[in-house]
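The values are calculated or read from the model by the stated rules, or taken from the named source; none is laboratory data. What you see is a predicted model; the values in this text were computed from it and never measured. Virtual Cβ from ideal backbone geometry, glycine too; neighbours counted across all protein chains shown. Quick note on the areas: whole protein, heavy atoms, side chains included, nothing else; ligands and nucleic acids left out. Shrake-Rupley method; radii C 1.70, N 1.55, O 1.52, S 1.80 Å.
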Amino acid sequence: MKYIEFGIGNKWFIRTETELADGTEYEERGVTGPIVFKSAYFRIWVSKTVWIIDTEEGFKKTKKRRRAFKFIFGICSH
């Protein structure tokens, strides 16, 4: 699964995070292809609370262990 993200709070303003089948993940600067669109999302992370609005899964609110501030638009790709 690939996540192409644009916004503030990550290491780079535009990045691609790739999750492998064994559960490991890595990130790269910029957009890396190929991109097969699955869904789009907005993620707002303030302190330990994360709100996610996803075109596939709808609205979700989660808690994280660490504090951060992020405002991200992302595309999920197969």
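So which residues in the range 59-68 are touching a strand residue (DSSP E or B) at 6+ places or on another chain (Cβ under 6 Å), under 21 Å from PHE13 (Cα atoms) and open to solvent by 80 Å² or more (accessible area, probe 1.4 Å)? Matches in the range 59-68: ARG67 only. Candidates in the range 5-29 are the residues that are farther than 24 Å from VAL46 by Cα and of a type in the set (A, V, I, L, M, F, W, C); of these, the one that is surrounded by the most Cβ atoms within 10 Å (Cβ to Cβ) is LEU20.
Suppose we keep only residues that are open to solvent by 60 Å² or more (accessible area, probe 1.4 Å) and part of a strand (DSSP E or B) within the range 45-58. Which one would you say is nearest to ASN10 (Cα to Cα)?
VAL46
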